[in-house]
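Structure record follows, encoded as structure tokens.
We did not get these values from a lab; they are worked out from the coordinates using the rules stated. From a predicted model like this one, the values you see are computed outputs, not experimental measurements. Because the Cβ atoms are built from the backbone with ideal geometry, glycine has one as well, and the counts that use them run over all protein chains shown.
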Amino acid sequence: GAVVSQHPSWVICKSGTSVKIECRSLDFQATTMFWYRQFPKQSLMLMATSNEGSKATYEQGVEKDKFLINHASLTLSTLTVTSAHPEDSSFYICSARDPVRGSDSPLHFGNGTRLTVT
Amino acid sequence: GQQVMQIPQYQHVQEGEDFTTYCNSSTTLSNIQWYKQRPGGHPVFLIQLVKSGEVKKQKRLTFQFGEAKKNSSLHITATQTTDVGTYFCAARDDKIIFGKGTRLHILP
């Protein structure tokens, strides 16, 4: 089945530094990838839609200059949390849909990245 | 935009008891998907329902899609400890929107 790989699984960084999270589709090409954020015991909130070869589409309230998204190839999207602050500590999960299976096919999620900003 | 309401937020059941979570929308849904997230894990796709009144089963799990395609339910028969986790329904507008989830806790 379709596999999405996310790296790193967890990261601890100091306040003010930047952190890059990678999301790869391993056995399919994803023109679109989705980045979610999940706070403890809460639902998944869509942050942005990453589009290969063009600008990402950000959800309302998500700062595009703080959460930089780059989708440079059909199998890789990156999310960079710039100038991280403790309130950015969260579980970040990417997902993608195999386009061959159609636009209503299910999302395949990466394992997530647990970010802790000290 | 699309919103899905999911209840209950939490459910504690004795092992062996049944469990049901409900998902409701104010608008007609083209389809609905269900995901399970184990503690500390990532969401895993369970099933997709598309047709009005559709019922699908996966072993002890029964999924239903309402006749009006505005609500859905997931029922687990005779829960086991492996059923622990959060169950999310998700509806697709131009993007997939998740319900708040129902956290299932099994009491031994």
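So for A:CYS13, B:CYS89, fewest C-beta neighbours within 10 Å to most, what's the order?
A:CYS13, B:CYS89
Can you list the lysines whose alpha carbon is less than 26 Å from that of B:LYS56, not counting same-chain residues fewer than 8 positions off?
Within reach: B:LYS36, B:LYS69, B:LYS70, B:LYS95, B:LYS100.
Under the rule that an exposed site lies in a DSSP loop and has at most 15 other Cβ atoms within 10 Å, name the longest stretch of chain A with no trypsin sites (Lys or Arg not before Pro) of that kind, not counting the sites themselves.
Counting at most 15 other Cβ atoms within 10 Å as exposed, the longest clean stretch of chain A is A:67-118.
Tell me, what HN-Hα J-couplings in whole Hz come from the Karplus equation 6.51 cos²θ - 1.76 cosθ + 1.60 at θ = phi - 60° for each residue of the range B:102-108, using x for Gly and Pro?
10, 8, 9, 10, 9, 8, x
Net charge around A:ASP88, counting only other residues with Cβ within less than 15 Å of its Cβ (Lys, Arg = +1; Asp, Glu = -1)? List each step's numbers first, then the result.
Values: positive: A:LYS14, A:LYS20, A:ARG37, A:LYS64, A:LYS66, A:ARG114; negative: A:GLU63, A:ASP65, A:GLU87.
With Lys, Arg at +1 and Asp, Glu at -1, the net is +3.
Across peptide A:105-115, what mean number of C-beta atoms from other chains lies inside 10 Å of a residue's C-beta?
Other-chain Cβ atoms within 10 Å of each residue's Cβ, averaged: 4.
With labels modelled as points extended 7 Å from the Cα through the Cβ direction, what inter-label distance (nm, one decimal) is found for A:ALA72 paired with B:SER26?
The modelled label-to-label distance comes out at 4.4 nm.
What does the extension gain come out to for A:THR31 and A:ASN51, with contour length at 0.36 nm per residue minus their alpha carbon separation? Present the calculation step by step, with values, prior to reporting the outcome.
Values: separation 20, 0.36 × 20 = 7.20 nm, distance 0.59 nm.
Computed gain between A:THR31 and A:ASN51 is 6.6 nm.
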